[in-house]
1. Which percent of the accessible heavy-atom area of the stretch 3-62 goes to carbon and sulfur, probe 1.4 angstrom?
2. Quick check for me: using +1 on Lys/Arg Cβ and -1 on Asp/Glu Cβ, what's the dipole size of the stretch 3-62 about its Cα centre, in debye to the nearest 20?
3. How big is the stretch 3-62 by Rg and Dmax over its Cα atoms, in Å?
4. Would you kindly state how much longer the chain becomes between Ser13 and Lys34 on full extension, computed as 0.36 nm times their sequence separation minus their alpha carbon distance, in nm to one decimal?
Amino acid sequence: MGSYTLKSIGKASDYMTILRDTEDGFVVRIVRDKDGYDEITTDFISKALFDSCIRTGYLTKIADSEQKLAVNA
């Protein structure tokens, strides 16, 4: 499926992982670093919004080797 870093302010290492592909979009898990602890949410993102986020640079694909480190962190 894939993992993506989220563009954020400062040194935050927020990322999003696609859990499931649906007809209208994706079910995703978003992990945000909140002052030393992870805030984890599961949400839905439409394909149109996802494509827009990729085009604008808000989401950047994580390479497979980096993805393993992010998931295990």
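1. Answer for the stretch 3-62: carbon and sulfur cover 51 percent of the accessible area.
2. 240 debye
3. Rg and Dmax of the stretch 3-62, Cα atoms, are 11.6, 36 Å.
4. Stretched fully, the Ser13-Lys34 segment lengthens by 6.6 nm.
The values are calculated or read from the model by the stated rules, or taken from the named source; none is laboratory data. None of the values given here were measured: they were computed from a predicted structure. FYI the Cβ positions are ideal-geometry reconstructions off the backbone, even for glycines, and counts take in every protein chain you see. Ligands, DNA and RNA are excluded from the accessible area calculation, which covers all protein heavy atoms including side chains. Shrake-Rupley method; radii C 1.70, N 1.55, O 1.52, S 1.80 Å.
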